[in-house]
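The values are calculated or read from the model by the stated rules, or taken from the named source; none is laboratory data. Bear in mind that the values here come from a model prediction, so they are computed numbers and not experimental data. Cβ atoms come from the backbone with ideal geometry, glycine included; neighbour counts cover every protein chain shown. Note: areas computed on protein heavy atoms with side chains; ligands, DNA, RNA excluded. Shrake-Rupley method; radii C 1.70, N 1.55, O 1.52, S 1.80 Å.
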Amino acid sequence: LTPLGRHTMVDHIRDAGYDFPTIVDLSTAEAEDLVNVALADDAGLDTLLPRWRPGDPTSQRAAAVAAFAMEANLPEQRLTAMALLALLEPVADVEPAVRQMLDSTCAGHATMFLLDHGLATVDELGSFLDIAPMVDVLATALDEPSVLCELFIQADQHADGRLLDELWRHDQPETIDVLETLGRHLSDTKLAKACRKAAIRHRSWTANRPQPGGR
(Lines give C-alpha, C1' and ligand atoms only; values in the text may rest on other atoms or scores of the structure.)
Protein backbone atom coordinates (compact mmCIF):
# COMPACT_ATOMS: atom_id res chain seq x y z
CA LEU A 1 0.00 0.00 0.00
CA THR A 2 1.01 3.59 -0.56
CA PRO A 3 1.23 5.89 2.49
CA LEU A 4 -2.24 7.20 1.60
CA GLY A 5 -3.58 3.67 1.26
CA ARG A 6 -2.17 2.68 4.64
CA HIS A 7 -3.89 5.70 6.17
CA THR A 8 -7.30 5.26 4.55
CA MET A 9 -7.58 1.46 4.68
CA VAL A 10 -7.26 1.12 8.45
CA ASP A 11 -10.87 2.06 9.18
CA HIS A 12 -12.20 -0.01 6.26
CA ILE A 13 -10.34 -3.10 7.46
CA ARG A 14 -11.57 -2.66 11.02
CA ASP A 15 -15.13 -2.05 9.78
CA ALA A 16 -14.87 -5.44 8.05
CA GLY A 17 -14.26 -7.08 11.44
CA TYR A 18 -10.48 -7.35 11.49
CA ASP A 19 -8.14 -5.80 14.00
CA PHE A 20 -4.40 -5.37 14.15
CA PRO A 21 -1.89 -3.48 16.27
CA THR A 22 -0.67 -0.12 15.09
CA ILE A 23 2.29 1.89 16.27
CA VAL A 24 1.85 5.61 16.57
CA ASP A 25 4.48 6.41 19.18
CA LEU A 26 7.98 5.06 18.61
CA SER A 27 9.32 6.57 21.82
CA THR A 28 8.66 3.35 23.75
CA ALA A 29 8.50 0.83 20.89
CA GLU A 30 10.53 -2.35 20.67
CA ALA A 31 13.41 -2.57 18.19
CA GLU A 32 11.37 -5.04 16.13
CA ASP A 33 8.60 -2.46 15.82
CA LEU A 34 11.06 0.19 14.71
CA VAL A 35 12.49 -2.08 12.01
CA ASN A 36 9.07 -3.12 10.77
CA VAL A 37 7.85 0.47 10.66
CA ALA A 38 10.97 1.39 8.71
CA LEU A 39 10.21 -1.35 6.19
CA ALA A 40 6.59 -0.29 5.81
CA ASP A 41 6.99 3.47 5.95
CA ASP A 42 8.38 5.70 3.23
CA ALA A 43 10.04 7.87 5.85
CA GLY A 44 13.83 7.54 5.90
CA LEU A 45 15.67 5.77 8.68
CA ASP A 46 17.28 9.04 9.69
CA THR A 47 13.77 10.43 10.23
CA LEU A 48 12.45 7.47 12.23
CA LEU A 49 15.49 6.83 14.41
CA PRO A 50 15.33 10.12 16.38
CA ARG A 51 11.73 9.29 17.32
CA TRP A 52 12.70 5.89 18.77
CA ARG A 53 13.55 5.81 22.48
CA PRO A 54 15.10 9.30 22.33
CA GLY A 55 15.78 9.33 26.06
CA ASP A 56 17.75 6.06 26.12
CA PRO A 57 21.54 6.09 25.86
CA THR A 58 23.05 4.98 22.56
CA SER A 59 24.46 1.82 24.12
CA GLN A 60 20.99 0.61 25.15
CA ARG A 61 19.43 1.48 21.80
CA ALA A 62 22.24 -0.32 19.99
CA ALA A 63 21.90 -3.38 22.21
CA ALA A 64 18.16 -3.57 21.48
CA VAL A 65 18.63 -3.29 17.71
CA ALA A 66 21.48 -5.81 17.70
CA ALA A 67 19.45 -8.28 19.76
CA PHE A 68 16.60 -8.07 17.27
CA ALA A 69 18.95 -8.45 14.31
CA MET A 70 20.21 -11.73 15.75
CA GLU A 71 16.64 -13.03 16.04
CA ALA A 72 15.20 -11.58 12.82
CA ASN A 73 13.62 -14.04 10.41
CA LEU A 74 13.75 -11.91 7.27
CA PRO A 75 16.77 -10.64 5.33
CA GLU A 76 15.11 -7.22 5.03
CA GLN A 77 14.87 -7.00 8.80
CA ARG A 78 18.53 -7.87 9.34
CA LEU A 79 19.72 -5.40 6.72
CA THR A 80 17.50 -2.64 8.12
CA ALA A 81 18.72 -3.32 11.65
CA MET A 82 22.33 -3.03 10.49
CA ALA A 83 21.52 0.21 8.69
CA LEU A 84 20.01 1.58 11.90
CA LEU A 85 23.08 0.59 13.89
CA ALA A 86 25.21 2.48 11.37
CA LEU A 87 23.19 5.65 12.08
CA LEU A 88 23.55 5.53 15.85
CA GLU A 89 26.20 7.76 17.37
CA PRO A 90 28.74 7.78 18.84
CA VAL A 91 29.96 4.60 17.17
CA ALA A 92 32.10 3.76 20.20
CA ASP A 93 28.86 3.21 22.13
CA VAL A 94 27.52 0.97 19.37
CA GLU A 95 30.63 -1.20 19.10
CA PRO A 96 30.01 -3.44 22.18
CA ALA A 97 26.55 -4.43 20.95
CA VAL A 98 27.87 -5.20 17.47
CA ARG A 99 30.73 -7.28 18.86
CA GLN A 100 28.16 -9.40 20.70
CA MET A 101 26.80 -10.31 17.28
CA LEU A 102 30.05 -12.07 16.37
CA ASP A 103 28.80 -15.11 18.29
CA SER A 104 25.62 -15.32 16.20
CA THR A 105 24.48 -16.03 12.66
CA CYS A 106 24.92 -12.30 12.07
CA ALA A 107 28.70 -12.56 12.50
CA GLY A 108 29.29 -11.58 8.87
CA HIS A 109 27.12 -8.49 9.24
CA ALA A 110 28.88 -7.53 12.47
CA THR A 111 32.32 -8.03 10.96
CA MET A 112 31.52 -5.81 7.99
CA PHE A 113 30.21 -3.11 10.34
CA LEU A 114 33.35 -3.19 12.46
CA LEU A 115 35.65 -3.18 9.44
CA ASP A 116 33.75 -0.36 7.74
CA HIS A 117 33.98 1.78 10.87
CA GLY A 118 37.67 1.10 11.47
CA LEU A 119 36.93 -0.76 14.70
CA ALA A 120 38.70 -3.98 13.70
CA THR A 121 41.09 -5.41 11.13
CA VAL A 122 40.79 -8.34 8.76
CA ASP A 123 43.59 -10.04 10.68
CA GLU A 124 41.52 -9.79 13.84
CA LEU A 125 38.12 -10.80 12.51
CA GLY A 126 38.79 -12.45 9.17
CA SER A 127 37.54 -15.80 10.45
CA PHE A 128 34.10 -14.27 11.06
CA LEU A 129 33.68 -13.04 7.49
CA ASP A 130 31.07 -14.92 5.49
CA ILE A 131 28.65 -14.22 2.68
CA ALA A 132 25.55 -13.90 4.86
CA PRO A 133 25.26 -10.15 4.15
CA MET A 134 25.45 -10.85 0.40
CA VAL A 135 22.85 -13.62 0.65
CA ASP A 136 20.54 -11.24 2.51
CA VAL A 137 20.96 -8.60 -0.21
CA LEU A 138 20.29 -11.15 -2.95
CA ALA A 139 17.29 -12.56 -1.09
CA THR A 140 15.63 -9.15 -0.92
CA ALA A 141 15.45 -9.24 -4.74
CA LEU A 142 13.84 -12.67 -5.09
CA ASP A 143 10.60 -11.07 -6.29
CA GLU A 144 12.52 -9.12 -8.94
CA PRO A 145 14.57 -11.76 -10.80
CA SER A 146 16.15 -9.29 -13.20
CA VAL A 147 17.48 -7.26 -10.26
CA LEU A 148 18.60 -10.43 -8.50
CA CYS A 149 20.51 -11.58 -11.58
CA GLU A 150 22.24 -8.23 -11.97
CA LEU A 151 23.23 -8.15 -8.30
CA PHE A 152 24.56 -11.70 -8.53
CA ILE A 153 26.59 -11.02 -11.68
CA GLN A 154 28.18 -7.95 -10.10
CA ALA A 155 28.99 -9.85 -6.89
CA ASP A 156 30.33 -12.84 -8.81
CA GLN A 157 32.63 -10.62 -10.85
CA HIS A 158 33.86 -8.99 -7.65
CA ALA A 159 34.57 -12.49 -6.29
CA ASP A 160 36.46 -13.47 -9.48
CA GLY A 161 33.80 -16.02 -10.38
CA ARG A 162 34.04 -17.92 -7.10
CA LEU A 163 30.74 -16.83 -5.54
CA LEU A 164 28.87 -20.04 -6.38
CA ASP A 165 31.47 -22.15 -4.57
CA GLU A 166 30.77 -20.15 -1.44
CA LEU A 167 27.01 -20.03 -1.93
CA TRP A 168 26.32 -23.73 -2.11
CA ARG A 169 28.28 -24.29 1.11
CA HIS A 170 26.51 -21.47 2.95
CA ASP A 171 24.05 -22.54 5.64
CA GLN A 172 21.25 -20.00 5.42
CA PRO A 173 17.57 -20.71 4.60
CA GLU A 174 17.44 -18.15 1.79
CA THR A 175 20.43 -19.66 -0.04
CA ILE A 176 18.45 -22.34 -1.88
CA ASP A 177 15.83 -19.83 -3.01
CA VAL A 178 18.54 -17.55 -4.39
CA LEU A 179 20.26 -20.38 -6.26
CA GLU A 180 17.06 -21.78 -7.74
CA THR A 181 15.80 -18.37 -8.83
CA LEU A 182 19.13 -17.61 -10.48
CA GLY A 183 19.05 -20.97 -12.19
CA ARG A 184 15.69 -20.12 -13.73
CA HIS A 185 16.28 -16.53 -14.74
CA LEU A 186 19.94 -15.89 -15.60
CA SER A 187 20.27 -15.12 -19.31
CA ASP A 188 23.75 -16.65 -19.38
CA THR A 189 22.77 -20.28 -19.94
CA LYS A 190 26.11 -21.63 -18.75
CA LEU A 191 25.94 -19.64 -15.52
CA ALA A 192 22.27 -20.55 -15.04
CA LYS A 193 23.15 -24.23 -15.36
CA ALA A 194 25.95 -23.78 -12.84
CA CYS A 195 23.46 -22.24 -10.41
CA ARG A 196 21.10 -25.18 -10.81
CA LYS A 197 23.97 -27.58 -10.10
CA ALA A 198 24.96 -25.48 -7.10
CA ALA A 199 21.38 -25.73 -5.80
CA ILE A 200 21.55 -29.53 -6.05
CA ARG A 201 24.88 -29.55 -4.24
CA HIS A 202 23.49 -27.26 -1.56
CA ARG A 203 20.51 -29.53 -0.92
CA SER A 204 22.77 -32.57 -0.66
CA TRP A 205 25.25 -30.76 1.57
CA THR A 206 22.46 -29.52 3.84
CA ALA A 207 20.85 -32.95 4.07
CA ASN A 208 24.12 -34.61 5.07
CA ARG A 209 25.23 -32.07 7.63
CA PRO A 210 25.19 -33.21 11.26
CA GLN A 211 22.10 -31.97 13.07
CA PRO A 212 22.17 -30.30 16.50
CA GLY A 213 22.46 -32.90 19.22
CA GLY A 214 24.23 -35.34 16.92
CA ARG A 215 21.06 -36.31 15.05
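For the stretch 51-78 versus the stretch 119-189, the spacing of their alpha-carbon centroids is 25 Å. Length available on full extension from VAL147 to ASP33: 0.36 nm per residue minus the Cα-Cα distance, which gives 38.2 nm. With the simple spin-label model, which puts each label point 7 Å out from Cα in the Cβ direction, the ALA207 to VAL122 separation comes to 3.7 nm.
With contacts taken as Cα pairs under 8 Å and at least 6 residues apart, the chain reaches a relative contact order of 12 percent. Ligands, DNA and RNA left out, the accessible area of the chain computed with a 1.4 Å probe is 52% carbon and sulfur.
Counting only heavy atoms of protein chains, what accessible area per residue, in Å², does the chain have with a probe of 1.4 Å?
Values: 12490 Å² over 215 residues.
Per-residue accessible area for the chain comes out at 58 Å².
Working note: Karplus 6.51/-1.76/1.60 with θ = phi - 60° gives the stretch 156-165 the couplings 5, 5, 5, 8, 6, x, 9, 5, 4, 4 Hz, where Gly and Pro are set to x.
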